[in-house]
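Data first, discussion second: the structure below is written as structure tokens.
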Amino acid sequence: MSTETIIPADSTSPAETVTVLSDEEIFASHEGGKLSISSTVPLASKRDLSIAYTPGVAQVSRAIHANPELAKTLTWAQRLVVVVSDGTAVLGLGNIGASASLPVMEGKSALFKAFGELDSIPLVLNTTDVDEIVETLVRLRPSFGAVNLEDIAAPRCFELEEKLIEALDCPVMHDDQHGTAVVVLAALTNAAKVTGRTLESLRVVVSGAGAAGIAVAEILLTAGIGDVVLLDSRGAISADRADIAADPASKKAELAARSNPRGVTGGPGEALLGADVFVGVSSAKLDEEHLKLMNHSSIVFALSNPDPEVLPEVASKYAAVVATGRSDFPNQINNVLAFPGIFRGALDAGARRITPAMKLAAARAIAELAEDDLTADYIVPSPLDPRVAPAVSAAVAAAVEAE
């Protein structure tokens, strides 16, 4: 049976301007996959073959054997990002497995090429064992220059990223965590300006303590926001909560020690009383009554996809600035604003790690692109704005040089 999907005509169009997509069109575009490999050198003559392959290629291999650093300039590995997933947390589909995740990872690789001018290949693995994934990527390390972890369920994603950063001498980033966090910080920087606040003065509630929620809370704290309350399914996270205290090595316990300075307990109602900002990165719905508890000219980022925690038409009755993860509403918080430029900048600068300073630099660059035209409905540039990836990559590369 055929179905239809309705989307805006482009990322800046009003919601009433739509394009209708049929299943036939969608599946036809994926037939055979969305990626291919093309040669960068001519192969039209015997001379071409002799240079690109045998015997000429042997000279290059000998040179790399004598000086392994030459692989960075004489192969594509230094400019190749592998998009790695185990298929356990794919979009809103959940644990659908490696093969079913592949169309998404192909799409991510296509975005790297389109927005960051970086070659990328998807690598989906039929294992959820962290050590097996680490071992696989260590063995494959000569073949790539950076690792983008994608759609890996929490809390394993935290352990996997940490172990890969230690095991590999190249940039590694879990985009579901840090790409989201960077764009949220950029958007919040400008939302604070629109509402006449300073970033540091904000009281922020983050709903969702998975990969994205923890990363958002961490980057906001790093950026100087002192009052951040993180909510999970049991309520506000605090060092005194029994389950947090019982697992002192967990990410939640680590964050509890740095957040919730007022010792808030309870659920959304208690956390949002007197709050300036709500950031939703979970599937939990936000009651309209809770919006009334927030401060005047509040800021609401309802980022769950496809169904936001609260619809913009409801949130806008109480909030001065509203953002979602969707392209059919204003202020789309989209990871594509961050990850192509972050990886491009890291690789351009020869970075071995993606550091907090590089993420903060990326957020500032995104925010600055919208500064001159700030309104309540325009706090971040469009994902299709061609200025974004170059600005982010330049800022990240400068941060690498400054460290």
Karplus couplings for the range 46-55 from phi (6.51 cos²θ - 1.76 cosθ + 1.60, θ = phi - 60°), rounded to Hz, Gly and Pro as x?
4, 4, 4, 5, 5, 7, 6, 10, 7, x
Residues with amide H under 5 Å from that of Leu123, placed H, sequence gap 5 or more:
Val83, Val84, Ser85
List nothing, just return the count: lysine pairs in the chain, 8 or more apart or interchain, with Cα separation under 15 Å.
4
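Roll a 1.4 Å probe over the protein chains and send me the accessible area per residue for the chain in Å². Kindly include the intermediate steps, with their values, before the conclusion.
Values: 18800 Å² over 403 residues.
With the other protein chains kept in place, the chain gives 47 Å² per residue.
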Ignoring ligands, DNA and RNA, how do Glu401, Glu309, Glu218 rank by accessible area with a 1.4 Å probe, largest first?
Glu401, Glu218, Glu309
Among beta bridges assigned by DSSP with both residues in the chain, the antiparallel ones amount in percent, to the nearest 5, to 20 percent
Sort Thr324, Thr375 by heavy-atom solvent-accessible area, probe 1.4 angstrom, most to least.
Thr375, Thr324
So what is the relative contact order of the chain, in percent, for Cα pairs below 8 Å that sit 6 or more residues apart?
14 percent
Area of Lys317 that stays accessible when all protein chains are in place (1.4 Å probe, Å², to 10):
130 Å²
How much accessible surface area, in Å² rounded to 10, belongs to the heavy atoms of Tyr318 with a 1.4 Å probe?
70 Å²
Which value, in debye to the nearest 20, describes the size of the charge dipole of the chain about its Cα centre when Lys and Arg Cβ atoms bear +1, Asp and Glu Cβ atoms bear -1, and nothing else is charged?
1080 debye
How large, in percent, is the carbon and sulfur part of the accessible surface of the chain at a probe radius of 1.4 Å?
55 percent
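With a 1.4 Å probe and all protein chains kept in place, how do Ser85, Ser316 rank by accessible area, largest first? Can you show the working numbers first?
Values: Ser85 0, Ser316 65 Å².
Correct descending sequence by accessible area is Ser316, Ser85.
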Hey, can you grab everything whose amide H is under 5 Å from the amide H of Val206? Only 5+ residues off in sequence or another chain; H modelled, so Pro and N-termini drop out.
Val229, Leu230, Leu231, Val279
Alpha carbon centroid spacing (whole Å) that separates the range 143-208 from the range 225-243
19 Å
For the chain, what does -39500 (n - 2.57) per DSSP helix run (n ≥ 4), summed and divided by total residues, give at 222 nm, in deg cm²/dmol to the nearest 500?
-12000 deg cm²/dmol
Under the Karplus relation with 6.51, -1.76 and 1.60 and θ = phi - 60°, whole-Hz ³J(HN,Hα) for the range 380-394, x at Gly and Pro, equal 9, x, 5, x, 8, 5, x, 7, 5, 4, x, 5, 5, 4, 5
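The values are calculated or read from the model by the stated rules, or taken from the named source; none is laboratory data. Predicted model, so just to flag it, every value in this text is computed and none were measured. Every residue, glycine among them, receives a Cβ derived from its backbone with ideal geometry; neighbour counts consider all protein chains shown. Please note that ligands, DNA and RNA were not included when accessible areas were found on the heavy atoms of the full protein model with its side chains. Shrake-Rupley method; radii C 1.70, N 1.55, O 1.52, S 1.80 Å.
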